[in-house]
Amino acid sequence: MQTHWSNPNVVKWCQYLLDSYTHWIKLELIERTGTTLQQTERLFNSTFVVASHGMEDDPILNYGNQAALNLWMMNWQQFTQTPSRLTAEPPNRDERARMLEQAKTQGYISDYRGIRISSTGKRFLVEQATIWNIHRPDGTTIGQGATFSSWKHLD
């Protein structure tokens, strides 16, 4: 049985995500040993949250590791069909949009803090998040990624 993270397009996306993180942050997000498939599996099974979206006018989530799927209480299919703005409650969406624009302009931001909401309405505070632009090797920006390992439920 093929898992969604082993799909060749997801493996390719994860390499862009990991390479871009290293480009901006000057650190590796995960240990980059083994094949690209092994790296993708390692990223998917990491204990910290990793999520990303594309560059659509209303960006759609296109990757979430298991920690992200658990936190937002969605399966892969639900997660990757969700507009990323819906990860924040309406009152927090303007602040979220400003943060994403700042990351787009600067390449990345670190130490972000904000309230997010799961698919079932559970609110949680994200702390010490890093958001970065994801690009192809030619420099074309194709999305934005986010990672964090600190959050607390508010409800």
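The values are calculated or read from the model by the stated rules, or taken from the named source; none is laboratory data. For clarity, every value in this text was computed on a predicted model and none was experimentally measured. Using ideal geometry, Cβ is built from the backbone for each residue, glycine included, and neighbour counts are taken over all protein chains shown. These area figures cover heavy atoms from the full protein model, side chains too; ligands, DNA and RNA do not enter into them. Shrake-Rupley method; radii C 1.70, N 1.55, O 1.52, S 1.80 Å.
In table form, for the structure just shown:
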item	result
Protein-only accessible surface order, largest first, of His23, His153, His135, His53 at 1.4 Å	His153, His23, His135, His53
Within region 26-50, backbone nitrogen closer than 19 Å to the virtual label 7 Å beyond the Cα of Asn7 toward Cβ	36-46, 50
Distance from region 20-37 to region 114-153 (C-alpha centre basis), Å	17
Calculated [θ] (222 nm, deg cm²/dmol) that DSSP helices of n ≥ 4 give over the chain, each run adding -39,500 (n - 2.57)	-10000 deg cm²/dmol
Spin-label zone in region 56-96 - amide nitrogen under 11 Å from a point set 7 Å from the Cα of His153 along the C-beta vector	71
Label of the coordinate-derived value, Rg and Dmax of the Cα atoms in Å, listed as [x] 15.7, 50; [y] 14.5, 44; [z] 14.4, 53	[y]
Neighbour count of at most 14 Cβ within 10 Å plus DSSP loop: longest GluC sites (Glu not before Pro)-free window in the chain	57-155
Net lengthening on full extension, Gln81/Glu127 (0.36 nm per residue, minus Cα-Cα)	14.1 nm
